[in-house]
Amino acid sequence: MSQTLRYKGYDGSVLYSAEDRVLHGRILGIRDMVSFEGSDVKGLERNFKGAVDECLAFCKAEGKTPDVPFKGSFNVRVPEELHQRAARYAQEHDLKLNAVVQQALKKYLTHAE
């Protein structure tokens, strides 16, 4: 079960406000705060897509490069011993450390789903 919407490479959260009796969310993974809401799932999906389109149109009009939610790089802090073990493994298997981390993430996430 997914709790996010996806459109044009952007993800949107899906939340429910019992107080307001409305579905709402925001575009995830970007610096700007872009939110949307809907009284039903179809309305939420429509308004999410509209929010993404409006955000991209605004950036284009302003000559601004839109935020890309996931650029493919991130910093990970690990204990020194784990770093050393991963680097040793990479060296022994003629791999780059990035490849080892990618393989580990793929393996972990495959089993986590």
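The values are calculated or read from the model by the stated rules, or taken from the named source; none is laboratory data. Source: prediction; values computed, not measured. Don't worry about glycine lacking a Cβ; one is built from the backbone with ideal geometry, like all the others, and counts go over all protein chains shown. With ligands, DNA and RNA removed, areas are computed over all heavy atoms of the protein, side chains included. Shrake-Rupley method; radii C 1.70, N 1.55, O 1.52, S 1.80 Å.
Structure summary
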item	result
Accessible area expressed per residue, the chain, with surrounding protein chains retained (probe 1.4 Å, Å²)	83 Å²
Per-residue [θ]222 nm for the chain (sum of -39500 (n - 2.57) over DSSP H runs n ≥ 4, rounded to 500)	-15000 deg cm²/dmol
Surrounding net charge for S17, when Lys and Arg each add one and Asp and Glu each subtract one, Cβ distance under 15 Å	-2
Among 32-40, 91-99, the order from most to least packed when residues are scored by Cβ within 10 Å on average	32-40, 91-99
Between 0 and 90°, nearest 10: helix 97-112 axis offset from the chain longest Cα axis	60 degrees
Principal-axis tilt of helix 41-62 within the chain, Cα atoms, nearest 10 degrees	80 degrees
Charge context of T65, other residues only, Cβ under 13 angstrom, K/R +1, D/E -1	+1
Within a Gaussian network of the chain (alpha carbon springs, distance under 10 Å), most fluctuating of G43, G72, G12	G72
Relative contact order computed over the chain (Cα-Cα under 8 Å; 6+ residues apart), in percent	15 percent
Carbon + sulfur, % of accessible area of the chain - ligands and nucleic acids excluded, 1.4 Å	51 percent
Choice from V41, V52, V101 showing the highest fluctuation, given a GNM over the chain with Cα pairs closer than 10 Å	V101
Rounded to 10°, Cα long-axis angle of helix 80-92 versus longest principal axis of the chain	70 degrees
Neighbourhood net charge (12 Å Cβ-Cβ; Lys/Arg +1, Asp/Glu -1) for E37	0
